[in-house]
Amino acid sequence: MVTSHSARPARLALVTAVAALAATVVPFQALAASPLPTVTPRSETPALHDDEAGGDADADDPAIWRNAADPGRSLVIGTAKQGGLRVYDLDAREVQSVPAPAAPGPDHAPGRFNNVDLVHGLRLSSGRADLAVTSDRGSDRLRFYRIDRDRTGGPLTDVTDPAAAPVFSSSQAEIDEQRTAYGLATWTDKATGRSYALVSRRERTGIALLELTPGPGGTVGYRKIRTLDLPADFRLPNGSSWSSCGEPGELPQVEGMVVDAATGTLYAGQEDVGIWRLPADLTGKPQLIDKVREFGVPGTYDEETEECTPGADPGYGGTRISADVEGLTLVNEQDGDGYLLASSQGDNTFAAYDREVSDANEYEGGFRVTAAPSGVDGSEECDGAAALNAPLGSRYPNGLLVVQDGHDAPGDGERPSTNFKFVDLGDVLDAVDD
């Protein structure tokens, strides 16, 4: 089952039904009476279309690369799933399209780039380099692209070690089951200088810690350090056991992840459960810092309709995010403060939490990305987000937030249409601080 927003009827049906139930509960009425502040995008990337004519391209997850020598010429790199990678300038114009690898055979899946993150100054055999790292869900591998802003042909060059092994699968047959590399976050350990990738597994609760390693000829590979499984079942206060509703055999997966390198803390969004905090080296106990509204709601899966019918809401869920919890990103401030931002896909909002663990990552507020007077539409069912709190030339002197839009408008008839929205980070901080 493809787990994009356009092909998850069971979860979407459950979210919709739970939202209807929530409307009868006083706490949610209070929330509805106090609408969240809004921010508007300054620009948007060209629409991508997940159909044959569009190259099966589907915008998903962005990353922001800052050009230290010339911040106004920084780049945004976004995944387009089977459409590979797209690279944009700060005016949201495409400057490069990188195809995903072809399928290894007629009965196998092609490359499908799910999430992307960056590594700065990784030591390679050819010298230090900034890299874009992406999870290739189609082949269960990571792929690496060296960033050279002014390289002829485009800034990204594939430097993946050909010997890189599958992250979770032991054979091509297992890869074909597509319980493969999914969510992604990178980080560099300040104490050792070693760089890592944390990779989640599609339709499973597992996360793998991979150390990035230099290969021959300036290539990059990785080796697995350890894995950790988040819970799939939860004991509720009434003594019952609960797990989220989905297709038989499907467990509540993680996609959105981000690491606070200053503290070595991983934040992981388990889509139908909530946001976890745990050590980035996967050696400590995970703590659930917030739950989705649908947490604890029973559901019955109907194989004919491929939908979940929800039962009565026992009231054990959170109040700020609705399934799926998706893109996670950090807004770092110089004093060590800042925010963890989370995409609440189920209600088209974003939640902001205090970055500091000492403050228990308390909720600070939320916002929506809505249509701008210029005609640029807002963000709906956002899959991925990236923030950078640093000046990016005259265009974004206060930093930048990039969010995926799962339903680009006005669209093109019945064609699936997605893209990325560019938002002034200063506007976001003003909205949250208010």
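When the P(r) is computed for segment 35-80, the part past 13 Å accounts for 70% of the Cα-Cα pairs.
Reducing segment 331-394 and segment 175-196 to their Cα centroids gives an inter-centroid distance of 23 Å. Dipole of segment 129-237 computed with +1 at Lys/Arg Cβ and -1 at Asp/Glu Cβ about the Cα centre; of ALA165, THR205, THR152, farthest Cα towards the positive end is THR205.
Overall, segment 345-389 carries a charge dipole of about 160 debye about its Cα centre when +1 sits on the Cβ of Lys and Arg and -1 on the Cβ of Asp and Glu, all other atoms neutral.
Averaged over its residues, the chain has an accessible area of 40 Å² per residue, based on protein heavy atoms and a 1.4 Å probe. Taking all Cα-Cα distances within segment 56-108, those exceeding 12 Å account for 67%. Candidate membrane-span-like segments in the chain, meaning DSSP H helices with Cα atoms spread over at least 15 Å of their own axis and a Kyte-Doolittle mean of -0.5 or above, are 9-22, with no membrane implied.
Taking the Cα centre as origin and putting +1 on Lys and Arg beta-carbons and -1 on Asp and Glu beta-carbons, what dipole magnitude results for segment 251-404, to the nearest 20 debye?
Here segment 251-404 has a charge dipole of around 620 debye.
Over the chain, with every protein chain in place, what whole percent of the accessible area is carbon and sulfur at 1.4 Å, could you tell me?
48
Size check on segment 286-416: the Cα extents along the three principal axes, sorted descending, read 54, 47, 22 Å.
Projected onto their three principal axes, the Cα atoms of segment 132-237 cover extents of 58, 38, 22 Å, largest first.
With r defined as the distance between the Cβ atoms of SER125 and VAL357 and R0 fixed at 45 Å, what FRET efficiency is calculated, to the nearest 0.05?
Efficiency, rounded to the nearest 0.05: 0.75.
Explain nothing, just the number: dipole magnitude of the chain about its Cα centre with +1 on each Lys and Arg Cβ and -1 on each Asp and Glu Cβ, in debye rounded to the nearest 20. Charge dipole of the chain: 1520 debye, to the nearest 20. Figure note: ILE225, ILE77 ranked by solvent-accessible area, largest first, 1.4 Å probe, ligands and nucleic acids not counted: ILE225, ILE77. Spacing of the modelled spin labels on ARG415 and SER171, each 7 Å from Cα toward Cβ, amounts to 4.1 nm. Computed from label points 7 Å out along Cα-Cβ, the spacing between ARG235 and ALA69 is 5.9 nm. Remark on the chain: hydrodynamic radius 21.7 angstrom, per the Kirkwood mean of 1/r across alpha carbon pairs. The GNM of the chain, with springs linking C-alpha atoms under 10 angstrom apart, assigns the highest mean-square fluctuation among THR134, THR79, THR38 to THR38.
Of the residues ARG201, ARG143, ARG223, the one that moves most in a GNM of the chain with alpha-carbon contacts below 10 Å is ARG223. Given their separation in residues at 0.36 nm each and the Cα-Cα distance between them, ASP158 and ASN398 gain 83.2 nm when the chain is fully extended.
In the complete set of protein chains, residue-level accessible area for PHE367 is approximately 0 Å², probe 1.4 angstrom. Considering every alpha-carbon pair of segment 276-329, the percent of pairs per 5 Å bin, from zero through the bin containing the longest distance, is 4, 16, 18, 19, 17, 13, 8, 4, 1. In the assembled protein chains, LEU236 presents an accessible area of approximately 10 Å² (probe radius 1.4 Å). With springs connecting C-alpha atoms under 10 Å apart, model the chain as a Gaussian network and identify which of PRO298, PRO35, PRO279 has the largest mean-square fluctuation. Among PRO298, PRO35, PRO279, the largest mean-square fluctuation in the Gaussian network model of the chain belongs to PRO35.
The values are calculated or read from the model by the stated rules, or taken from the named source; none is laboratory data. Every value quoted in this text rests on a predicted model; they were computed, and no experiment measured them. Note that we place each Cβ from the backbone using ideal geometry, even for glycine, and neighbour counts take in every protein chain shown. Protein only, heavy atoms only, side chains kept; ligands, DNA and RNA dropped before computing areas. Shrake-Rupley method; radii C 1.70, N 1.55, O 1.52, S 1.80 Å.
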